[in-house]
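S.K.: Take this structure, written in structure tokens, and hold onto it; I'll ask about it next.
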Amino acid sequence: MAEVLPTEASVAEALNGSAEPDVMNATAAKFVATPEGTALAYGSLLFMALLPIFLGALRSVSCSKSKVPKIPRYPGPGTPGTGDPGTLGPGTRGGCASGYRNASDMPETITSRDAARFPIIASCTLFGLYLFFKVFSQEYINLLLSVYFFVLGILALSHTLSPLMARVFPASIPIKQYQLLFTQGSGEAKEEIVNYEFDTKDLVCLVIGAVVGVWYILKKHWVANNLFGLAFALNGVELLHLNNVSTGCILLGGLFVYDVFWVFGTNVMVTVARSFEAPIKLVFPQDLLERGMDASNFAMLGLGDIVIPGIFIALLLLKKNSRTYFYSSFLPALLYLVPACIGFPVIVAMCKGELTEMFR
């Protein structure tokens, strides 16, 4: 859900012992944005929420259509019965038998059992983080998380930019292939830990992602945060697939209760979101018009409010006569989105006499 973060300046002034009581009360009060600033902030959050859902859903469809049937390994280089037992059969790309160059590019399918467990796992994780921030130093936790999300953010942003880079990359520059391989053990016991293949275009995307990552680590700037956040959201919608609409209803229904309880029933969600210095939320300053790029009073929207409904909308785009269902559920934020995501497509399907077919 969208929230407003407190201004650091007001907190600092409130803690200043030399301040007058009236000044302390005024500065400690919650920041009141202008109507223009509020409209700009929430309008921008709305646009940033819709963008990864729309693009991620389209890329999810392309990802599903580009799947290559898994081809068994031959005992040799295209000739059964001889040679190296590790050679792949023909028709595979980049050493990935599923048709994807890297295992990280393969979509994950969420089953009904996964959907039923997800709110419980998410609740345990959220409450665990809440306890961590209460018991341990917030500084060290965020330092560890910053390094973790620095690496993930670079890879996510690189994957997000790769289709665009493939279109604009100059044809005059030769494209070379690279492979990053880490193994453990030797001989028959050798096991791959990391096997990442990329080319010159991917290398440029990785460099761009690294620049944004360094910017985020050093400055924690809200623009860098949003670039990583949008990349995470788009990748989530693209690579997380639901196996059917019923699974989507289970997932959204469970997370609807999860969202209502942890946001409105407790302060856990808001506390973790404010303490968690990682690009897991989109933010936009409400005082941008007054302070420019140095603005500090943020409205925010969690990535979960984008990705979870987004993967359901992406599933609707895969269905027969899908565009009708897709556009009928294209609205963001779990509390308001869950009834809209499920309700409007069901109403449309009932009107068209396709309710049974929709849930197959």
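The values are calculated or read from the model by the stated rules, or taken from the named source; none is laboratory data. Computed from a predicted model, the values in this text were never measured in an experiment. Note: ideal-geometry Cβ built from the backbone for every residue, glycine included; neighbour counts use all protein chains shown. Accessible surface areas use protein heavy atoms only, side chains included; no ligands, DNA or RNA. Shrake-Rupley method; radii C 1.70, N 1.55, O 1.52, S 1.80 Å.
S.K.: Counting just the residues of segment 285-307 that are of a type in the set (Asp, Glu) and assigned to a helix (DSSP H, G or I), which one comes out surrounded by the most Cβ atoms within 10 Å (Cβ to Cβ)? Break it down stepwise before answering.
M.R.: Quick first cut of segment 285-307, residues of a type in the set (Asp, Glu) only: 287, 290, 294, 305.
From what's left, assigned to a helix (DSSP H, G or I): 290, 294, 305.
On the way: Glu290: 14, Asp294: 10, Asp305: 25.
Filtering first and then ranking leaves Asp305.
S.K.: Looking at Gly43, Gly76, can you tell me which residue is modelled with pLDDT under 80 and surrounded by fewer than 18 Cβ atoms within 10 Å (Cβ to Cβ)? Spell out the reasoning first.
M.R.: On the way: Gly43 fails: modelled with pLDDT under 80.
So the residue among Gly43, Gly76 that is modelled with pLDDT under 80 and surrounded by fewer than 18 Cβ atoms within 10 Å (Cβ to Cβ) is Gly76.
S.K.: To continue, here is another question. Looking for whichever is under 23 Å from Tyr42 (Cβ atoms) and in a helix (DSSP H, G or I) here; the options are Leu251, Leu282, Leu255, Leu218. Which one fits? Reasoning before the result, please.
M.R.: Details: Leu251 fails: under 23 Å from Tyr42 (Cβ atoms); Leu282 fails: in a helix (DSSP H, G or I); Leu218 fails: under 23 Å from Tyr42 (Cβ atoms).
Going through Leu251, Leu282, Leu255, Leu218 in turn, the sole match is Leu255.
S.K.: With respect to Phe132, determine if the residue is hydrophobic (A, V, I, L, M, F, W, C), surrounded by 11 or more Cβ atoms within 10 Å (Cβ to Cβ) and without any contact (Cβ under 8 Å) to a residue 40 or more places away in the chain.
M.R.: Numbers: hydrophobic (A, V, I, L, M, F, W, C): yes; surrounded by 11 or more Cβ atoms within 10 Å (Cβ to Cβ): yes; without any contact (Cβ under 8 Å) to a residue 40 or more places away in the chain: yes.
Considered against the rule, which asks whether it is hydrophobic (A, V, I, L, M, F, W, C), surrounded by 11 or more Cβ atoms within 10 Å (Cβ to Cβ) and without any contact (Cβ under 8 Å) to a residue 40 or more places away in the chain, Phe132 comes out as yes.
S.K.: Then there's this: Can you say whether Phe182 is in a strand (DSSP E or B) and buried (at least 20 other Cβ atoms within 10 Å of the Cβ), as far as the supplied structure shows?
M.R.: The answer is no for Phe182.
S.K.: All but one of (1) at pLDDT 90 or above; (2) surrounded by 13 or more Cβ atoms within 10 Å (Cβ to Cβ); (3) under 25 Å from Trp215 (Cα atoms) hold for Ser146; which doesn't?
M.R.: Result: Ser146 passes all but (1).
Here's the yes/no breakdown for (1) in contact with a Cys (Cβ under 8 Å, 6 or more places away or on another chain); (2) closer than 26 Å to Trp262 by Cα; (3) among the hydroxyl-bearing types (Ser, Thr, Tyr):
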{"residue": "Glu139", "(1), (2), (3)": "no, yes, no"}
{"residue": "Gln179", "(1), (2), (3)": "no, no, no"}
{"residue": "Thr183", "(1), (2), (3)": "no, no, yes"}
{"residue": "Glu188", "(1), (2), (3)": "no, no, no"}
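S.K.: On to the next question. Would you confirm whether or not segment 187-199 contains a residue that is among the small types (Gly, Ala, Ser), outside any helix (DSSP H, G or I) and surrounded by fewer than 11 Cβ atoms within 10 Å (Cβ to Cβ)?
M.R.: no
S.K.: Can you tell which of Phe169, Phe198, Phe228, Phe232 is within 21 Å of the chain's Cα centre (by Cα) and farther than 23 Å from Pro119 by Cβ?
M.R.: Phe228
S.K.: Answer yes or no as to whether Leu251 is open to solvent by less than 10 Å² (accessible area, probe 1.4 Å), among the aliphatic types (A, V, I, L, M) and more than 25 Å from Leu144 (Cβ to Cβ).
M.R.: Considered against the rule, which asks whether it is open to solvent by less than 10 Å² (accessible area, probe 1.4 Å), among the aliphatic types (A, V, I, L, M) and more than 25 Å from Leu144 (Cβ to Cβ), Leu251 comes out as yes.
S.K.: Which ones in segment 110-129 are among the hydroxyl-bearing types (Ser, Thr, Tyr), assigned to a helix (DSSP H, G or I) and in contact (Cβ under 8 Å) with a residue 60 or more places away in the chain? Can you show your working first?
M.R.: Quick first cut of segment 110-129, residues among the hydroxyl-bearing types (Ser, Thr, Tyr) only: 111-112, 123, 125.
Those left that are additionally assigned to a helix (DSSP H, G or I): 112, 123, 125.
Hits for segment 110-129 are Ser112, Ser123.
S.K.: Can we say Ser137 is out of contact with any Pro (no Cβ under 6 Å at 6 or more places or on another chain), open to solvent by 70 Å² or more (accessible area, probe 1.4 Å) and of a type outside the set (Asp, Glu)?
M.R.: Considered against the rule, which asks whether it is out of contact with any Pro (no Cβ under 6 Å at 6 or more places or on another chain), open to solvent by 70 Å² or more (accessible area, probe 1.4 Å) and of a type outside the set (Asp, Glu), Ser137 comes out as no.
S.K.: Quick check on segment 220-230. Is at least one of its residues open to solvent by less than 40 Å² (accessible area, probe 1.4 Å), of a type outside the set (D, E, K, R), touching a Lys or Arg at 6+ places or on another chain (Cβ under 7 Å) and within 27 Å of Phe150 (Cα to Cα)?
M.R.: yes
S.K.: Okay, moving on. Just to be sure I understand, how many residues within segment 90-128 are over 23 Å from Phe182 (Cβ atoms), open to solvent by 50 Å² or more (accessible area, probe 1.4 Å) and modelled with pLDDT of 75 or more?
M.R.: Counting residues in segment 90-128 that are over 23 Å from Phe182 (Cβ atoms), open to solvent by 50 Å² or more (accessible area, probe 1.4 Å) and modelled with pLDDT of 75 or more gives 13.
S.K.: Now a separate question. If a residue has to be at pLDDT below 75 and touching a Phe, Trp or Tyr at 6+ places or on another chain (Cβ under 7 Å) to count, how many in segment 292-334 make the cut?
M.R.: Number satisfying all stated conditions: 4.
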